[in-house]
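Everything on this sheet refers to the single structure shown next.
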Amino acid sequence: MRHGDDRGVVALSIPAKAEYIVLCRLALAGLARVRALEAETVADLKLALTEACSNSIRHAYAQGRTGVVEVRYELNGEKLQVEVTDDGAGFDVSTLAPDGEPDEGGLGIAIIRALTDELAIESDGQGSRLRFTKYLG
C-alpha cells in the first residue's frame, strides 16, 4: 500500500495448475485482514476466487496446454476488486447462457455472481478476463 493512498494492489502470477490456487487464496486472506472482514465474507470471496481461477485453469489451458493465470487484487476504499486473467484459448462471450455460464457449463460463474456484487467477463479469443467486485461497506 502506498503512503497517503487508500488503495492496496497485490498481483500474482501462478502456473495454471490447481495446486497453486491456494497461494491466491492466501493473498486474499491477507488483504481481508487489512480491512478486518467478517469470516463469512472472506469465505465467500475465497470461493469466488477459487471458481474464477479454476475456470481459467480448466478451460483456458485444457488438453495439456501450459500457461499462467494472473490474479490482481485491488482494495480501494469500500470495495475489493479481483481480476483473473489468462492468455489461453478464450471463448465467445456471446455463448454465455442467461445465468452467465458457457453453454457446456458448470456452476462456476453462477457461484461467483451469487457471492459478489459485480461481475464482468471478457474474452477475445486470445485469453479471458474475469473481474468481480465486492462492496465492503
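Below, the figures for the structure above:
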{"read-out": "Residue pairs meeting the criteria (Cβ under 7 Å; at least 6 apart or on separate chains; first surrounded by fewer than 21 Cβ atoms within 10 Å (Cβ to Cβ) and part of a strand (DSSP E or B), in the stretch 50-73; second among the polar types (S, T, N, Q) and at pLDDT 95 or above)", "value": "VAL68/SER13; GLU70/SER13; GLU70/THR85"}
{"read-out": "Residue within the stretch 58-69 that is of a type in the set (Val, Ile, Thr), closer than 19 Å to ALA110 by Cα and in contact with a strand residue (DSSP E or B) (Cβ under 9 Å, 6 or more places away or on another chain) present", "value": "no"}
{"read-out": "In the stretch 86-112, residue farthest from the chain's Cα centre (by Cα) [restricted to those that are of a type in the set (A, V, I, L, M) and at pLDDT below 70]", "value": "ALA97"}
{"read-out": "Lone qualifier among ALA89, ALA29, ALA18, ALA39 - being among the hydrophobic types (A, V, I, L, M, F, W, C), touching a His at 6+ places or on another chain (Cβ under 8 Å) and surrounded by fewer than 19 Cβ atoms within 10 Å (Cβ to Cβ)", "value": "ALA89"}
{"read-out": "Subset of the stretch 74-86 (residues that are in contact (Cβ under 8 Å) with a residue 60 or more places away in the chain, part of a strand (DSSP E or B) and surrounded by fewer than 17 Cβ atoms within 10 Å (Cβ to Cβ))", "value": "ASN76"}
{"read-out": "Hits in the stretch 7-31 - residues which are closer than 18 Å to GLU78 by Cβ and more than 15 Å from the chain's Cα centre (by Cα)", "value": "ARG7, GLY8"}
{"read-out": "Qualifying position, being at pLDDT 90 or above and not in a loop (DSSP other than H, G, I, E, B), among LEU26, LEU37", "value": "LEU26"}
{"read-out": "Whichever residue in the stretch 113-137 is in contact with a Gly (Cβ under 8 Å, 6 or more places away or on another chain) and among the aliphatic types (A, V, I, L, M) and, among such residues, is modelled with the lowest pLDDT", "value": "ILE121"}
{"read-out": "Test: residue in the stretch 1-18 that is of a type outside the set (Ser, Thr, Tyr), modelled with pLDDT under 95 and part of a helix (DSSP H, G or I)", "value": "yes"}
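The values are calculated or read from the model by the stated rules, or taken from the named source; none is laboratory data. Just so it is clear, the model here is predicted, and its values are computed rather than measured. We place every Cβ from the backbone using ideal geometry, glycine too, and count neighbours over all the protein chains shown.
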